[in-house]
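The values are calculated or read from the model by the stated rules, or taken from the named source; none is laboratory data. Since the structure is predicted, the reported quantities are computational estimates derived from the model, not experimental observations. For neighbour counting, all protein chains shown are included, and Cβ atoms are generated from backbone atoms with ideal geometry for every residue, glycine included. Accessible surface is based on the protein model in full, side chains and every heavy atom, while ligands, DNA and RNA are left aside. Shrake-Rupley method; radii C 1.70, N 1.55, O 1.52, S 1.80 Å.
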Amino acid sequence: QVHLVESGGGLVQAGDSLRLSCAASGPTVSRYTMGWFRQAPGKEREFVALISASGGRTYYADSVKGRFTISRDNAKNMVYLQMNSVKPEDTAVYYCAADKLGLLSALSRQYDYWGQGTQVTVSS
């Protein structure tokens, strides 16, 4: 069983930076693709970024490309999302997710484990 806990959310102003963290527990989590998704009020959950098990491959949603960076530290079982130049439209609950098959998918249904989410609010 994999347990994911996000942290680092909060209230920031447009243009600021924020780093989200995801602490993962489980014997084989270092083999999993890890992803970040977000859900704004009244909207469906959407893909933000993913990183392969080794960390060698990353993918981003067009809306965050060039501003957000996903990374992982397998020795610490941690995944990060560095958010720079945030915008009000980045306001959402951000979720960390793990795909045990290790696929590189932006589809939420591919992910087997989810954290409880952390709120990010960006004021203009």
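Among residues that are more than 21 Å from Gly117 (Cβ to Cβ), part of a loop (DSSP other than H, G, I, E, B), in contact (Cβ under 8 Å) with a residue 12 or more places away in the chain and not aliphatic (A, V, I, L, M), Ser85 is included.
Can you say whether Tyr94 is open to solvent by less than 70 Å² (accessible area, probe 1.4 Å), at pLDDT 95 or above and either not in a strand (DSSP E or B) or not aliphatic (A, V, I, L, M) (or both), as far as the supplied structure shows?
Criteria met by Tyr94.
Against the conditions (1) crowded, with 18+ Cβ neighbours inside 10 Å; (2) among the small types (Gly, Ala, Ser); (3) in contact (Cβ under 8 Å) with a residue 60 or more places away in the chain; (4) over 16 Å from Trp114 (Cα atoms), where does Ser17 fall short? Just the number, please. Just one mismatch for Ser17, condition (1). Scanning segment 34-77 for residues that are in a strand (DSSP E or B), open to solvent by less than 50 Å² (accessible area, probe 1.4 Å), touching a residue at least 24 places away in the same chain (Cβ under 8 Å) and more than 16 Å from Asp90 (Cβ to Cβ) returns Met34, Gly35, Leu50, Ile51, Arg72.
For segment 15-33, how many residues meet the condition of being in a loop (DSSP other than H, G, I, E, B) and hydroxyl-bearing (Ser, Thr, Tyr)?
3
Taken together, the criteria exclude Val64 from residues that are modelled with pLDDT under 95 and of a type in the set (A, V, I, L, M, F, W, C). Out of the residues in segment 1-14 that are part of a strand (DSSP E or B), of a type in the set (A, V, I, L, M) and more than 19 Å from Glu89 (Cβ to Cβ), which is least open to solvent (accessible area, probe 1.4 Å)? Residue satisfying both the conditions and the ranking: Leu4.
Using the structure shown, decide if Asp99 is open to solvent by 40 Å² or more (accessible area, probe 1.4 Å), touching a residue at least 60 places away in the same chain (Cβ under 8 Å) and touching a strand residue (DSSP E or B) at 6+ places or on another chain (Cβ under 8 Å). Taking the combined requirement at face value, the residue does not satisfy it.
Residues in segment 20-32 that are surrounded by 12 or more Cβ atoms within 10 Å (Cβ to Cβ) and either without any contact (Cβ under 8 Å) to a residue 12 or more places away in the chain or in contact with a Phe, Trp or Tyr (Cβ under 6 Å, 6 or more places away or on another chain) (or both): Leu20, Ser21. Of all residues in segment 99-121, those satisfying the criterion of being more than 18 Å from Tyr60 (Cβ to Cβ) and part of a strand (DSSP E or B) are Tyr113, Trp114, Thr118, Gln119, Thr121.
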